[in-house]
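Enquirer: Please read through the structure below; I'll follow up with questions.
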Amino acid sequence: MANNDQFGFKHDDHHIENDPNFKNLNVNKGVENIEIVNKAAAERFLKRKRKLPSVDTFFEGIRKGDITLLSQAVTLVESSKPEHQKIAQEIIERCLPFTGKSIRLGITGVPGAGKSTLIESLGMHIVKNGGKLAVLAIDPSSERSKGSILGDKTRMEELSGEANAYIRPSPSAGSLGGVARKTRETIILCEAAGFDTIFIETVGVGQSETAVHSMVDFFLLIMLAGAGDELQGIKRGIMEMADAIAINKADGDNQKRASMAKAEYTSALHLFPPTKSGWSPRVETCSALYHEGIANLWDMVKEYVNNTKANSYFDARRKDQSQYWMFESINEQLKANFYTNNEIKPEIDKFKNQVLNDEISSFAAAHKLLELYYKG
């Protein structure tokens, strides 16, 4: 249907350009309300469940070093779904006979110490010398900080691009015990995949260091010189756990301060009682940015491993750690079973309100709840 506009031109209801007065220009009417998505196909896609590979496929792929299957297996380990946990435990059981031959290194450090840069520099040194490295991270606070550890993977660009390096962030939520247990199970999968060096990284200096110390062979504390009182804010327990302290950023004008910090930390370490391993903790300076002192750090780790294997401490500690994690797993599962019990859940809120209203003591409330749980 054609109409005349205010200028007297004839055009259809849609395009004035189609008026005869506009020569050499034609605009098609087009198609209205086109469906850009095939709804039936979309529904079929959403309904279709992706079939997981078999346990045999996972095991064979992991043993061949297939990173995709390794990552999928780690995802199953991290999953809270019972069906995923069942598969994960079967995979771990298959992998166990092929584990235990790596060097497990725990790494922590104060904020700003250049931990990510040092991990990448040390990791590149290992990879360039024929090693295979997996970097795992424990970040129990990530539920609050929304996954800060993911930034480490982007900061380690060079290491991320290496075929013989694997960087895996920790689960983004969960209790420290749960995250640590999953990290320990991930160590097993990585060792079965052929990684001969495992770095366990923690965020900041806090409670997670104890969990890391219980699953590694060597514990490295990264410090920074020239930041005021060198010993201020460092927990005695973390200093006692350290098998070595690396003072990073020992370059340029900071070299003198790093040397002074080395002397202070060395004196502090002498105050601690002798270690069961027979190893005397050392303090080394390095510059991860300029790759200075990195080779010495790794040589020190290898020396520690050789010494502790020679005096049988290495294997004894591994056995103690396995026993420790057996009991930790029992405690975690009992706790989870208690809090997810359908009969207990409503009772918890009831007793919580009674405690808040001073109607019952905290201890009596806990005792009654446990009584109900055992009776059930």
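Enquirer: Using θ = phi - 60° and the Karplus form 6.51 cos²θ - 1.76 cosθ + 1.60, what ³J(HN,Hα) does each residue of segment 350-362 get, whole Hz, x for Gly and Pro?
Expert: Once rounded to whole Hz, the list reads 5, 6, 4, 5, 5, 5, 5, 8, 6, 8, 7, 6, 4.
Enquirer: So how do 99-107, 273-281 stack up, highest first, on mean other-Cβ count within 10 Å?
Expert: 99-107, 273-281
Enquirer: Right, something else. List the residues, sorted by chain then number, that are 5 or more residues from T285 or on another chain and whose placed amide H is less than 5 Å from its amide H.
Expert: Close amide H contacts, sequence-distant or interchain: I247.
Enquirer: For each of L269, L136, count neighbouring Cβ atoms within 10 Å of the residue's Cβ, then give the residues from fewest to most. Intermediate values should be presented prior to the final figure.
Expert: Numbers: L269 17, L136 24.
If I rank by nearby Cβ atoms, fewest first, I get L269, L136.
Enquirer: Calculate the radius of gyration of the Cα atoms of segment 279-324 to one decimal place, then report Dmax, the largest Cα-Cα distance, as a whole number, both in Å.
Expert: Radius of gyration, then largest Cα-Cα span, for segment 279-324: 13.9, 41 Å.
Enquirer: Give me the net charge for the shell around R282: Cβ to Cβ below 10 angstrom, other residues only, Lys and Arg +1, Asp and Glu -1.
Expert: Here the charged neighbours net out to -2.
Enquirer: Right, next: Can you give me the long-range amide H partners of I167? Hydrogens built in the peptide plane at 1.01 Å from N, cutoff under 5 Å, separation of 5 or more residues or another chain.
Expert: V135
Enquirer: In this model, which of K81/K368; K81/K350; K101/K309; K86/K182; K115/K276; K64/K302 are farther than 20 Å apart at the alpha-carbon?
Expert: Numbers: K81/K368 30 Å; K81/K350 28 Å; K101/K309 12 Å; K86/K182 14 Å; K115/K276 27 Å; K64/K302 26 Å.
In this structure, K81/K368; K81/K350; K115/K276; K64/K302 exceed 20 Å between Cα atoms.
Where a number appears in this text, it was derived from the coordinates with a stated rule and is not lab data. Note that the structure is predicted; figures quoted are calculated from it, not measured. When we count neighbours, we look across all protein chains shown, and the Cβ atoms used for this are built from the backbone with ideal geometry, even at glycine.
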